[in-house]
Amino acid sequence: MGDLNKILRPKTIAAIGGNWAASVVKQCLLAGFDGTIWPVNPNRKDMLGIPCLPSIRDIPEPPDCTFIGVRREESISIMEYLAGVGAGGAVCFASGFAESVAEDKRGKKYQEELVSASGSMPFLGPNCYGMINYLDGIPIWPDVHGGAKRDTGVAIICQSSNIAINITMQSRGLPLGYVIASGNQAKISMAAIAIDLLEDPRVTAIGLYIEGFGDIREFEQLSFKARKKKIPIVVLKVGESKQATLLTYSHTSSIAGSAAGSRAFLKRLGFGQTSTISEMIEALKILHLGGPLKGRKVASMSCSGGEACLMADLGSKINLDFVNLNSKQKNTLKNTLGSRVHLSNPLDYHTYLWGNEEELFKVFQGMMLGNQDLLYLVMDFPREDRCQGFGWDETLNAWLKAKEMTGARTAIVSLLPENMSEKQSEYLSSQDIIPLCGLQEALNATDICADIGEGWESSDPVPIIKGNNSGTVLTAEDKKIRHILSNRNVPFPRVQYFASEVEIENCIDELEFPVVLKAQGLLHKTEHGGVILNLTSAEALLEAANSMDSPNGFIVEEQVSNGVAEVMIGITNDIATGLMLTLGSGGIHSELWQDTQHLLLPVTKHEIAKTLEKLKIHSLLEGYRGKPGGDMECLIESIACLTDFAIENHETLVEIEINPFISLEKGGYAVDILARFTNESDKL
């Protein structure tokens, strides 16, 4: 199964160190590991009855995997020895490497030495706990964990060891196949680990907790292989806030990149994206039992109007389709429920059937005759320590029988996460019913799994364009960048440049009014009083020039009137994910409205058009309340021209922005442009 086989599925294990190494030995014994364990500690006689070797040189043969639980300085020399004797791999537990560079400048140097010492031998870490292989009962893990041996299950890979530990403690019924901490990823990236796990047929889905991407090409390779293997992947990417971005570097020396760039990248890869661990767990349960959803059509039923209302309200806030009941459903349900129940989706089937297994079967079977991609039954279970429930067994039996008869994909959802025990969840899973804990988590998880299904329907993503932001950043001259883009069919209004008010006055007869006056060489012109609109006469223009503080000269531009909508078109060179196109509401309200969508380059015109449809201003662009719409062909062509320019100049482009592009009923104009490059660019 690849180069990581001996780390992830070892037959022989060496544990070097003190208490942490002893804990690895303990976990192996508790798991029933049937291979050979060599504890190494010169000051101990044994670890849990297994004799200790005084030195690594006393290990009788190269171990498949070694847990190195000593200080960082010693870890380097041990790594070098293991690589020299041909060991299979290692887990480096120690911290104080690249993740600590803010406090200890030596950390980066130590990590470089560690990697060099390892030669061609792979290792996890440093700054990580290791891995637990629940499928084979092998924990190279120096702490407690809450999982158990499984025949099949999902794999979890985390940059944070503590997050990994906490996930093993979940009692929501998620079957864990592997839990792996990647730490600093000095030698093995989490993408490389995931690629290896794709070769294990017992792995049903993969969950990634990511702080920083590292080599994005590896993630592109992972996406390609995961699609081919039909193994879905869910990601929780942290670093949305400024504080989290800083913490990711200090935690595992990872560069988070922008939140928008990360989201766009993961969507492009076809990975599901979640914002909480709870949602990740629920999504993985759906994926474990049947893979991604084929669509967004859902239906829900419960014996409570309150639960039905909650389901409807929560569902309306996400991109799920509570599909209307079809004629087969309505006829079957009406025959059983009569006139007392309003037939709808979500459905409140009332409590008068509670405990009547035969009648419940008819109702459930009727609801399962729909064309939904997933059917929920909302049902919380009574507390086992205080309650003796009536009717739950009958309800479950009726649901199981209906599912068997129809083959529908179904889930049982508890209103509160704690109202479905691990025992109940595991029983439902054994019957091929998805156990979902918590209404909100269940709906969000469903949305995530539908996203993955949609991603799989699209073609394999084209590799993204990465640039190089090194060097001094300079702003291109307005006149030069307009000229370059005009020659690439980006439309600009007529414009003239003047060094002073006197030059404007000397050429006043050449101008056609109305015009706009702008300060030349000024960023964020509007905020600094560098734009004056609707100047309809020579006198007004000269007065405006006299009042404007613009030591670098003036731009006099044709006033564009009768605009349908203002669109912002921006491209930035994200440090982690490369060239990113941002489309949104343009003009002075760009930040206020927060109406933006993001795509990573390259993109097609079709993708641009689909993304524009997601903007709030799209209603203006297509014609709002009888008013004419904008020239979409012109807008899309202008965006495509800008993306082509960015791709051709990706090595030096830092950012380029048209804000706004004024879309007209016929045509459109880029009325303001900003472009910044590194000092190696020939566009400056």
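Numbers below:
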item: Gly630 modelled with pLDDT of 90 or more, touching a Phe, Trp or Tyr at 6+ places or on another chain (Cβ under 8 Å) and not polar (S, T, N, Q); result: no
item: Checklist (1) in a loop (DSSP other than H, G, I, E, B); (2) over 38 Å from the mean Cα position of the chain (by Cα) applied to Gly84, failing item; result: (1)
item: Boolean, Ile76 is outside any helix (DSSP H, G or I), touching a helix residue (DSSP H, G or I) at 6+ places or on another chain (Cβ under 9 Å) and either within 29 Å of Ile195 (Cα to Cα) or polar (S, T, N, Q) (or both); result: no
item: Segment 344-369: number of residues that are assigned to a loop (DSSP other than H, G, I, E, B) and buried (at least 18 other Cβ atoms within 10 Å of the Cβ); result: 6
item: Any hit, segment 446-464, residues being farther than 30 Å from Ile167 by Cα and either touching a His at 6+ places or on another chain (Cβ under 7 Å) or buried (at least 21 other Cβ atoms within 10 Å of the Cβ) (or both); result: yes
item: Matching residues, segment 558-608, being in contact (Cβ under 8 Å) with a residue 12 or more places away in the chain, within 29 Å of Thr652 (Cβ to Cβ) and part of a helix (DSSP H, G or I); result: Gly587, Ser590, Lys605, Ile608
item: Residues (part of a loop (DSSP other than H, G, I, E, B), more than 20 Å from Gly586 (Cα to Cα) and either of a type outside the set (S, T, N, Q) or not assigned by TED's automatic domain parsing to the domain that holds Ser547 (or both)) located in segment 495-531; result: Ala499, Cys507, Leu511, Glu512, Phe513, Pro514, Gly521
item: Residue in segment 213-227 that is farther than 21 Å from Ile277 by Cα, surrounded by fewer than 24 Cβ atoms within 10 Å (Cβ to Cβ) and among the aromatic types (Phe, Trp, Tyr) present; result: yes
item: Neighbours by Cβ (under 8 Å, 6+ apart or cross-chain): first from segment 338-360, closer than 23 Å to Leu400 by Cβ and in the same structural domain as Met379 (by TED's automatic domain parsing); second charged (D, E, K, R) and in a strand (DSSP E or B); result: Val341/Asp348
item: Enumeration of residues in segment 118-138 that are in contact with a Ser or Thr (Cβ under 8 Å, 6 or more places away or on another chain) and part of a strand (DSSP E or B); result: Leu124, Ile132
item: Number of positions in segment 484-531 that are under 13 Å from Asp672 (Cα atoms), buried (at least 16 other Cβ atoms within 10 Å of the Cβ) and of a type in the set (Val, Ile, Thr); result: 4
item: Qualifying residue in segment 181-194 (condition: over 28 Å from Gln111 (Cβ atoms) and surrounded by fewer than 21 Cβ atoms within 10 Å (Cβ to Cβ)); result: no
item: Single condition Thr643 does not satisfy, out of (1) of a type in the set (Ser, Thr, Tyr); (2) over 28 Å from Leu474 (Cα atoms); (3) in contact (Cβ under 8 Å) with a residue 12 or more places away in the chain; result: (2)
item: Segment 421-439, residues that are over 18 Å from Ala205 (Cα atoms) and surrounded by fewer than 18 Cβ atoms within 10 Å (Cβ to Cβ); result: Glu422, Lys423, Tyr427, Gln431
item: Filter result for the condition that a residue is over 30 Å from Asp373 (Cα atoms), touching a His at 6+ places or on another chain (Cβ under 9 Å) and either part of a helix (DSSP H, G or I) or of a type in the set (S, T, N, Q) (or both), over Asn534, Asn489, Asn468; result: Asn468
item: Cβ-Cβ under 7 Å pairs, at least 6 apart or on other chains, segment 11-31 side more than 9 Å from Pro142 (Cβ to Cβ), far side part of a helix (DSSP H, G or I); result: Ile13/Cys28; Ile16/Ile56; Ile16/Ile78
item: Selection status of Met367, of a type outside the set (Gly, Ala, Ser), at pLDDT below 95 and either under 21 Å from Leu439 (Cβ atoms) or under 40 Å from the mean Cα position of the chain (by Cα) (or both); result: no
item: Selected residue [buried (at least 19 other Cβ atoms within 10 Å of the Cβ), on the phi < 0 side of the Ramachandran plot and in a helix (DSSP H, G or I)] from Leu293, Leu333; result: Leu333
item: Leading residue by the ranking (surrounded by the fewest Cβ atoms within 10 Å (Cβ to Cβ)) among those in segment 319-330 that are without any contact (Cβ under 8 Å) to a residue 24 or more places away in the chain and over 10 Å from Lys297 (Cα atoms); result: Ser327
item: Test result for Ser429, among the hydroxyl-bearing types (Ser, Thr, Tyr) and at pLDDT 95 or above; result: yes
item: Lys225 over 30 Å from Ser171 (Cβ atoms) and either at pLDDT 95 or above or aliphatic (A, V, I, L, M) (or both); result: yes
item: Whichever residue in segment 302-357 is of a type in the set (S, T, N, Q) and touching a strand residue (DSSP E or B) at 6+ places or on another chain (Cβ under 6 Å) and, among such residues, is nearest to Leu374 (Cα to Cα); result: Asn345
item: Residue ID - farthest from the chain's Cα centre (by Cα), chosen from residues in segment 87-117 that are under 24 Å from Glu61 (Cα atoms) and in a helix (DSSP H, G or I); result: Ala117
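The values are calculated or read from the model by the stated rules, or taken from the named source; none is laboratory data. Worth saying up front: this structure is predicted, and the values here are computed from it rather than measured. In this analysis, Cβ positions are derived from the backbone assuming ideal geometry, glycine residues included, and neighbour counts consider all displayed protein chains.
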